[in-house]
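> Sending over a structure as structure tokens; questions will come in a sec.
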Amino acid sequence: MLQLERAKNNPILVPDLSSWWEAKAVFNCAVLHDGKAFHMLYRAIGEYEDYVSRIGYASSSDGILFTRNKDPVMYPERHYEKYGIEDPRLMTIDGETYVTYVVLSDYVKNNPSVSTALAKTEDFSHYQRLGIITLPGSQDKDVVLFPRSNPESVFQRYMLLHRPSTWVGPRYKTERPSIWIAEGDSVTNYYKHSLLIKPEQTWEALKIGAGVPPLKTKEGWLVIYHGVNAEHVYSAGAVLLDIKEPSKILGRTKSPLLTPEKHYELRGDVNNVVFPTGACILDNKLFVYYGAADKRCCLATIDLQKILDYLLSDACSIYSA
Ligand code: BMA
């Protein structure tokens, strides 16, 4: 059973008690390596009364020690962000840097209306809002865009993975919130939705959601995702998708690669949570960044070839939806 290896320095980012906006929790971080430095966006909580999330920025030269900005770089500004902006994910498409993030726009009988929005940045300080990219009423989060570099011969489409929570039942051919794949004609407009993978194992019985944006490897698109079991324990697994036809599954972990074990994963604002949201590949090493117990940011790594070989081996399955 393959396992990710936790960084010795974990947790790598903890709440800053002296800060008004990140005193209580910093978690679920996106990380992008631009060839020189690691850029991190993370979700931050400063108070528990309203529990409004903002997004902070930190940078690093080694991916472990991060220096953070004093002020949040994104905070609720638009009406659709009113109750908070959460769980950023970073991607590069045609040389531009994009961030998807969950927005809580409204509350109906204590239940927030959940959507995912997109923004673009050139400097990690300023963000151009591109609006909501998910469908109304789908309670859609865990949205990651397929990155692409330009010019690229194999992949010229706009594609994303998403997790519409309301798309369950016979009509959708899944009983539990699942990971869907969609194709579009621009970075903000997606249609042609199809079910990609649904919960199969006990560790992911309640729901699954894409964690980190797809990583292009020589064996296929590598996606680290989360699964939630009946006891609400969040763990991380992986799926490998065909490079040209990403709706084709080449391998999927049967057991989790990371499950809450350490005190910082077992206890926090939400206990028993390992929630991967960022990843990069450097010198054949996969860096996976994750939120631990909705309180802190952590890192786990693994040799890239090892995880690819594992996903293509008999230890992994090819369940497709
Ligand atoms: C998910 C999201 C994440 C959170 C996780 C565990 O639904 O809200 O932001 O980390 O639950 O509480």
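The values are calculated or read from the model by the stated rules, or taken from the named source; none is laboratory data. For clarity, every value in this text was computed on a predicted model and none was experimentally measured. Cβ placement follows ideal geometry from the backbone for every residue including glycine, while neighbour counts extend to all protein chains displayed. Side chains included, ligands, DNA and RNA excluded: accessible areas come from the protein's heavy atoms. Shrake-Rupley method; radii C 1.70, N 1.55, O 1.52, S 1.80 Å.
> Mean separation of Cα pairs under 8 Å and 6+ residues apart, divided by the residue count of the range 153-304: what relative contact order is that in percent?
On the way: 378 pairs, mean separation 21.7, N = 152.
Here the relative contact order equals 14 percent.
> For E96 and K248, what does the FRET efficiency come to when R0 = 30 Å and r is the distance between their Cβ atoms, rounded to the nearest 0.05?
0.60
> Then there is this: What are the aspartates and glutamates whose alpha-carbon lies under 18 Å from the alpha-carbon of K262, with same-chain residues fewer than 8 places away excluded?
E5, E231, D294
> Net charge near E77: determine it from the other residues with C-beta under 13 Å of the C-beta of E77, scoring Lys and Arg +1 and Asp and Glu -1.
Values: positive: R54, R78, K82, R129; negative: E81.
Within the 13 Å Cβ shell, the charges total +3.
> Give the separation of the Cα centroids, the range 91-106 to the range 296-319, in Å.
Cα centres, the range 91-106 to the range 296-319: 25 Å.
> Still on this structure: May I have the pair-distance distribution P(r) for the chain, computed from all Cα-Cα distances with 10 Å bins from 0 and rounded to whole percent?
Taking every Cα pair in the chain, the percentages come to 6, 29, 39, 23, 3, 0.
> I'd like the projected area of the range 44-89, averaged over all directions, using the convex hull of its alpha carbons. Report it in nm² with one decimal.
On the way: hull surface 15.9 nm².
Projected over every direction and averaged, the Cα hull of the range 44-89 covers 4.0 nm².
> Same structure again: Along the principal axes of its C-alpha atoms, what lengths does the range 3-44 span, in descending order and rounded to whole Å?
Its Cα atoms span 32, 26, 14 Å along the three principal axes.
> With a 1.4 Å probe and all protein chains left in place, how much accessible area per residue does the chain have, in Å²? Before the final figure, lay out each step's value.
Details: 13710 Å² over 321 residues.
That works out to 43 Å² per residue.
> Report the label-to-label distance for N284 and K192 in nanometres (one decimal), using points 7 Å from each Cα along the Cα→Cβ vector.
3.6
> Starting from the 7 Å offset along Cα-to-Cβ, what nm value, one decimal, do you get for the label separation of R267 and S313?
3.6
> Then there's this: Grab the Cα-Cα distance for T166 and K8, subtract it from 0.36 nm times how many residues apart they are, and report the gain in nm with one decimal. Please list the in-between numbers first.
Values: separation 158, 0.36 × 158 = 56.88 nm, distance 3.91 nm.
The T166-K8 span can extend by a further 53.0 nm.
> Measuring from centroid to centroid over Cα atoms, what is the spacing of the range 7-36 and the range 66-88 in Å?
About 14 Å separates the Cα centre of the range 7-36 from the one of the range 66-88.
> On a full-extension model of 0.36 nm per residue, what is the gain between E183 and E47, subtracting their alpha-carbon distance, rounded to one decimal in nm?
Working: separation 136, 0.36 × 136 = 48.96 nm, distance 3.83 nm.
Additional length available on full extension: 45.1 nm.
> Ranked highest first by the average count of other Cβ atoms within 10 Å around their residues, in what order do 225-231, 30-36, 274-280, 61-67 fall? Present the calculation step by step, with values, prior to reporting the outcome.
Working: 225-231: 19.3, 30-36: 16.6, 274-280: 26.9, 61-67: 14.0.
Highest mean packing first, the order is 274-280, 225-231, 30-36, 61-67.
> Report D for the range 16-146 in µm² per second (integer): Stokes-Einstein, Kirkwood Rh on Cα pairs, 10 °C, 1.306 mPa s. Can you show the working numbers first?
Details: Rh = 15.0 Å.
The Stokes-Einstein estimate is 106 µm²/s.
> Moving on to the next point. Taking 8 Å as the Cα distance limit and 6 or more residues as the minimum spacing, I'd like the relative contact order of the range 11-311 as a percentage. Intermediate results must be reported in sequence, preceding the final value.
On the way: 849 pairs, mean separation 43.6, N = 301.
This gives 14 percent for the range 11-311.
> A further question on this structure: Starting from the 7 Å offset along Cα-to-Cβ, what nm value, one decimal, do you get for the label separation of I64 and H232?
Modelled inter-label distance: 3.5 nm.
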